[in-house]
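The values are calculated or read from the model by the stated rules, or taken from the named source; none is laboratory data. Bear in mind the structure is a predicted one, so any value in this text is a computation, not a measurement. No Cβ is skipped: glycine too gets one built from the backbone with ideal geometry, and neighbour counts run over all protein chains shown.
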Amino acid sequence: MCNRYGYNHPLQRLIEEFSDVGPIRWNGLEPNAPLDQIRPTDRAPIIRAVDGDTTLDMVLWGIVPSTWHGPVKAWTAQLRGNPLTNARSESVSTTSTFRDAYAARRCLVPATNYFKWTVDPERPKGKKLMWRFTVPGQEVFAFPGLWDTPRPPTGR
């Protein structure tokens, strides 16, 4: 999966689309505008289990592990501004960044499309061409995700 995707339907539709997972609780107060391109650090919808309820929540795209004890900005600064958005299947259960979230905090990340880039030989060096992908016959789909809540920095 790549680092950019989109969700272009009303969030209320997710409650209908994913009703198979059970009743979904949503407070309905989040923005309901189309999210054409969700980039790392943008707010994005996820469907997750919290305290026995299935909820639809808007969260920041990119993980800050619960083992991090500093401010969120310091986490992204050490990554040179690029939050973690991808975990490898062969190491997600053993890598310290993802291990705890993988064991206990999985979610569905709804999408209507995702993007991939290729190098275009006709463009100046370093310029890439963005391709938009959808799932034929399926307006809304979901990919697996992990969520975590960073601990507040010591002294807060």
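Against the numbered list (1) under 18 Å from Tyr114 (Cβ atoms); (2) among the aliphatic types (A, V, I, L, M); (3) out of contact with any Leu (no Cβ under 6 Å at 6 or more places or on another chain), Ile63 comes up short only at (3). I'm trying to understand the selection: among the residues of segment 1-29, which are of a type in the set (Asp, Glu) and exposed (fewer than 15 other Cβ atoms within 10 Å of the Cβ)? Result: Glu16, Asp20. Could you list, in sequence order, all residues of segment 13-29 that are part of a loop (DSSP other than H, G, I, E, B) and small (Gly, Ala, Ser)? Within segment 13-29, Gly22, Gly28 qualify.
Is segment 120-141 home to any residue that is under 20 Å from Ile38 (Cβ atoms), out of contact with any strand residue (DSSP E or B) (no Cβ under 9 Å at 6 or more places or on another chain), loosely packed, with under 11 Cβ neighbours inside 10 Å and modelled with pLDDT of 75 or more? Lay out the reasoning, then the answer.
Initial filter on segment 120-141 (under 20 Å from Ile38 (Cβ atoms)): 128-135, 138-141.
Filter again for out of contact with any strand residue (DSSP E or B) (no Cβ under 9 Å at 6 or more places or on another chain), leaving 138-139.
So of that shortlist, the ones also loosely packed, with under 11 Cβ neighbours inside 10 Å come out as 138.
The next check asks that each one be modelled with pLDDT of 75 or more; those that pass are 138.
For segment 120-141, residues under 20 Å from Ile38 (Cβ atoms), out of contact with any strand residue (DSSP E or B) (no Cβ under 9 Å at 6 or more places or on another chain), loosely packed, with under 11 Cβ neighbours inside 10 Å and modelled with pLDDT of 75 or more: present.
Residues that are without any contact (Cβ under 8 Å) to a residue 40 or more places away in the chain, farther than 17 Å from Arg39 by Cα, part of a strand (DSSP E or B) and not aliphatic (A, V, I, L, M) do not occur anywhere in segment 98-113. Here Ser93 passes the criteria (1) part of a loop (DSSP other than H, G, I, E, B); (2) in contact with a Ser or Thr (Cβ under 9 Å, 6 or more places away or on another chain); (3) modelled with pLDDT of 90 or more except the one numbered (2). Considering (1) among the hydrophobic types (A, V, I, L, M, F, W, C); (2) exposed (fewer than 12 other Cβ atoms within 10 Å of the Cβ); (3) in contact with a helix residue (DSSP H, G or I) (Cβ under 6 Å, 6 or more places away or on another chain), the lone condition that Ala103 does not fulfil carries the number (3). The single condition among (1) of a type outside the set (Val, Ile, Thr); (2) part of a loop (DSSP other than H, G, I, E, B); (3) surrounded by fewer than 17 Cβ atoms within 10 Å (Cβ to Cβ); (4) in contact with a strand residue (DSSP E or B) (Cβ under 8 Å, 6 or more places away or on another chain) that Asn32 does not satisfy is (4).
Against the definition (in contact with a strand residue (DSSP E or B) (Cβ under 8 Å, 6 or more places away or on another chain), surrounded by fewer than 13 Cβ atoms within 10 Å (Cβ to Cβ), of a type outside the set (Val, Ile, Thr) and at pLDDT below 80), how does Arg80 come out, yes or no? Even if it seems obvious, please write down each step before you answer.
Numbers: in contact with a strand residue (DSSP E or B) (Cβ under 8 Å, 6 or more places away or on another chain): no; surrounded by fewer than 13 Cβ atoms within 10 Å (Cβ to Cβ): yes; of a type outside the set (Val, Ile, Thr): yes; at pLDDT below 80: yes.
In short, no.
Cβ separations smaller than 6 Å between residues 6+ apart or across chains give the following pairs from segment 51-79 residues that are touching a residue at least 24 places away in the same chain (Cβ under 8 Å) to residues that are acidic (Asp, Glu) and part of a loop (DSSP other than H, G, I, E, B): Met58/Glu30; Trp61/Asp42; Ile63/Asp148; Pro65/Asp148; Ser66/Asp148.
Residues of segment 35-77 that are surrounded by 15 or more Cβ atoms within 10 Å (Cβ to Cβ) and assigned to a helix (DSSP H, G or I): Val72, Trp75, Thr76.
Exactly one residue out of Thr67, Thr95, Thr85, Thr55 is β-branched (Val, Ile, Thr) and in contact with a strand residue (DSSP E or B) (Cβ under 7 Å, 6 or more places away or on another chain): that is Thr55.
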